[in-house]
Amino acid sequence: MRGSGFGELLDFRERLMHLPGVARVSINAIDNERATLIVELA
């Protein structure tokens, strides 16, 4: 993820964190084509 793509990833993570039942969202891994997030539910 380079440039604006990283910002979009952070925005997406922030939106996920505000969903009902979501306790925490962590970025686990990032490469040039994909990111892996861990979503912990409340």
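The values are calculated or read from the model by the stated rules, or taken from the named source; none is laboratory data. Here the structure is a predicted model, which means the values were calculated and not measured. Counting neighbours? That spans all protein chains shown, and the Cβs are built from the backbone with ideal geometry, glycine included. Accessible surface areas use protein heavy atoms only, side chains included; no ligands, DNA or RNA. Shrake-Rupley method; radii C 1.70, N 1.55, O 1.52, S 1.80 Å.
Just a few scattered comments:
- The chain: relative contact order as a whole-number percent, Cα under 8 Å and 6+ apart: 35
- If the chain linking residue 17 and residue 39 were pulled fully straight, counting 0.36 nm for each residue of separation and taking away their Cα-Cα distance, it would gain 7.1 nm.
- Accessible area of the chain belonging to carbon and sulfur atoms, whole % at 1.4 Å probe: 52
- Per DSSP, loop trypsin sites (Lys or Arg not before Pro) in the chain with at most 11 further Cβ within 10 Å: 2, 34
- Helix 4-17 axis, angle to the chain major axis (alpha carbon atoms, nearest 10°): 10
- Note on exposure: 19, 37 ranked by accessible area (1.4 Å probe, complete protein assembly) read 19, 37, with the most exposed listed first.
- Per-bin percent of Cα-Cα distances, the chain [10 Å]: 29, 52, 17, 1
- Mean accessible surface per residue for the chain, computed with a 1.4 Å probe while every protein chain stays in place, in Å²: 81
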